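The values are calculated or read from the model by the stated rules, or taken from the named source; none is laboratory data. Keep in mind that this is a model prediction, so the values were computed, not measured. Positions of Cβ are backbone-derived with ideal geometry, glycine not excepted, and every protein chain shown enters the neighbour counts. Side chains are part of the model used for accessible areas, which takes the heavy atoms of the whole protein and leaves out ligands, DNA and RNA. Shrake-Rupley method; radii C 1.70, N 1.55, O 1.52, S 1.80 Å.
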Amino acid sequence: GDAILITVPDKNPSTGRTITRRILIDVGNAPKVAGTGGGGADTVFAGVVGDILEQLDGEPLDLYVMTHEHLDHAQGLFYASTKLPELKISERLKVRHVWLTASAAPDYYDDDKHPEAAKQKLVFDEMYSRIAAFMATRPSAAVQGFSEMLANNDPTKTSQCVEYLRTLNPGKTHYVHREAKLTGT
């Protein structure tokens, strides 16, 4: 999974004043799959998110970017907010702007907005359920590798993480895509 914190100086050409900008790209980890030995341990989030908060040192994060909706990129902040109360993430992590993929928008899969995407999502969800049910009946050695892939793409768990990421700064959350106008976001 990824958790990339970028810290860069930003010099205002008119004032000559330099301020530090911080951008966080993803926070995730491949989900651990019981009985397979695959995936990462969620215990890494205490250190990773703790280090991010320490690096921010009380300053707000200028931009959080979720590159795509897989758990190995999206679950870390949600996990820290629900399972690591000692980090006090809701108090300590302030975010000025949030960029999520366009498909993370709450209304993206509405029939009238993106009808083809809505159809494909229904097909994906149904296929995911059928594959997960089939694999649950197989010995773990027969499905090794597939269990990890299914866990990383679990739509129920992913949607929980995305819902949380939308709350980081609801008024400044932008759903981006190739043609998105990013000026001011």
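What are the pairs, 6+ residues apart or on separate chains, where a residue within the range 118-137 that is farther than 15 Å from Ser103 by Cα has its Cβ under 8 Å from a residue that is not aromatic (Phe, Trp, Tyr) and not in a helix (DSSP H, G or I)?
If the second residue must be not aromatic (Phe, Trp, Tyr) and not in a helix (DSSP H, G or I), the pairs left are Tyr128/Asn153; Tyr128/Asp154.
Quick check: anything in the range 33-40 at positive phi and touching a residue at least 60 places away in the same chain (Cβ under 8 Å)? Spell out how you get there, then give the answer.
Of the residues in the range 33-40, the ones at positive phi are 35, 37, 39.
Those left that are additionally touching a residue at least 60 places away in the same chain (Cβ under 8 Å): 35, 39.
There is at least one residue in the range 33-40 that is at positive phi and touching a residue at least 60 places away in the same chain (Cβ under 8 Å).
Against the condition touching a Lys or Arg at 6+ places or on another chain (Cβ under 8 Å), more than 27 Å from Val48 (Cα to Cα) and either open to solvent by less than 50 Å² (accessible area, probe 1.4 Å) or at pLDDT below 95 (or both), how does Asp107 come out, does it pass? Quick ask: steps written out before the conclusion?
Working: touching a Lys or Arg at 6+ places or on another chain (Cβ under 8 Å): yes; more than 27 Å from Val48 (Cα to Cα): yes; either open to solvent by less than 50 Å² (accessible area, probe 1.4 Å) or at pLDDT below 95 (or both): yes.
Yes.
If a residue must be open to solvent by less than 70 Å² (accessible area, probe 1.4 Å) and charged (D, E, K, R), how many such residues does the range 156-185 contain?
1
Where residues in the range 141-155 are over 10 Å from His70 (Cβ atoms) and in a loop (DSSP other than H, G, I, E, B), which of them is most open to solvent (accessible area, probe 1.4 Å)?
Gln144
Of everything in the range 167-185, what is part of a loop (DSSP other than H, G, I, E, B), modelled with pLDDT of 95 or more and within 14 Å of Arg96 (Cβ to Cβ)? Give them in sequence order. Show your work before the answer.
So in the range 167-185, the residues part of a loop (DSSP other than H, G, I, E, B) come out as 167-169, 177-185.
Adding the requirement that they be modelled with pLDDT of 95 or more leaves 167-169.
Leu168, Asn169 - these are the residues of the range 167-185 that are part of a loop (DSSP other than H, G, I, E, B), modelled with pLDDT of 95 or more and within 14 Å of Arg96 (Cβ to Cβ).
Are any residues in the range 45-84 part of a helix (DSSP H, G or I) and of a type in the set (Phe, Trp, Tyr), and if so, which ones? Working first, answer last.
Residues of the range 45-84 that are part of a helix (DSSP H, G or I), as a first pass: 45-56, 71-74, 76-83.
Scanning the range 45-84 gives Phe45, Phe78, Tyr79.
Quick one: Thr156 ticks every box in (1) out of contact with any strand residue (DSSP E or B) (no Cβ under 9 Å at 6 or more places or on another chain); (2) modelled with pLDDT under 95; (3) within 12 Å of Ala105 (Cα to Cα) except a single one, so which number is it?
Looking at each condition in turn, Thr156 falls short on (3).
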